[in-house]
Amino acid sequence: MEWHVVSFDDEMVHGFPDEEGEYLFTDGEYVVIDDFCTDINDDGQYVCWLDDWDIDRVIAWMPLPEPYKK
């Protein structure tokens, strides 16, 4: 698996997952598992956030690995 790099500009975030769910996120120092959430706000703008971590810290994400199987 590879890290997917994210970026921010004045009006948009780029590179986050296409679907809501649990993912690995990193700020380059720490790695966390968090829920990625999306919605459309009252102004009709797409918004995204993480349940437990500040999304502005994120520099990359990756899907969770498959569970270990014997």
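Yes or no, residue by residue, for (1) closer than 12 Å to residue 60 by Cα; (2) of a type in the set (Gly, Ala, Ser); (3) surrounded by fewer than 10 Cβ atoms within 10 Å (Cβ to Cβ):
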{"site": "4", "(1), (2), (3)": "yes, no, no"}
{"site": "8", "(1), (2), (3)": "yes, no, no"}
{"site": "18", "(1), (2), (3)": "no, no, yes"}
{"site": "21", "(1), (2), (3)": "no, yes, no"}
{"site": "24", "(1), (2), (3)": "yes, no, no"}
{"site": "31", "(1), (2), (3)": "yes, no, no"}
{"site": "36", "(1), (2), (3)": "no, no, no"}
{"site": "39", "(1), (2), (3)": "no, no, no"}
How do the pairs read when you match residues in region 23-41 that are under 11 Å from residue 55 (Cα atoms) with residues anywhere that are surrounded by fewer than 16 Cβ atoms within 10 Å (Cβ to Cβ) and basic (Lys, Arg), using Cβ under 7 Å and keeping only pairs 6 or more apart or on different chains? 27/57
Could you grab the pairs with beta carbons closer than 6 Å, sequence gap of 6+ or different chains, first residue in region 48-70 and in contact (Cβ under 8 Å) with a residue 40 or more places away in the chain and β-branched (Val, Ile, Thr), second one in a strand (DSSP E or B) and open to solvent by less than 40 Å² (accessible area, probe 1.4 Å)? 58/25
Residue check: is residue 14 exposed (fewer than 10 other Cβ atoms within 10 Å of the Cβ) and touching a Phe, Trp or Tyr at 6+ places or on another chain (Cβ under 9 Å)? yes
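The values are calculated or read from the model by the stated rules, or taken from the named source; none is laboratory data. Because the structure is a prediction, the values reported are computed rather than measured. Methodologically, a virtual Cβ is constructed for each residue, glycine included, from the backbone with ideal geometry; neighbour enumeration extends over all protein chains shown. Just the protein is used for accessible areas: all its heavy atoms, side chains included, with ligands, DNA and RNA removed. Shrake-Rupley method; radii C 1.70, N 1.55, O 1.52, S 1.80 Å.
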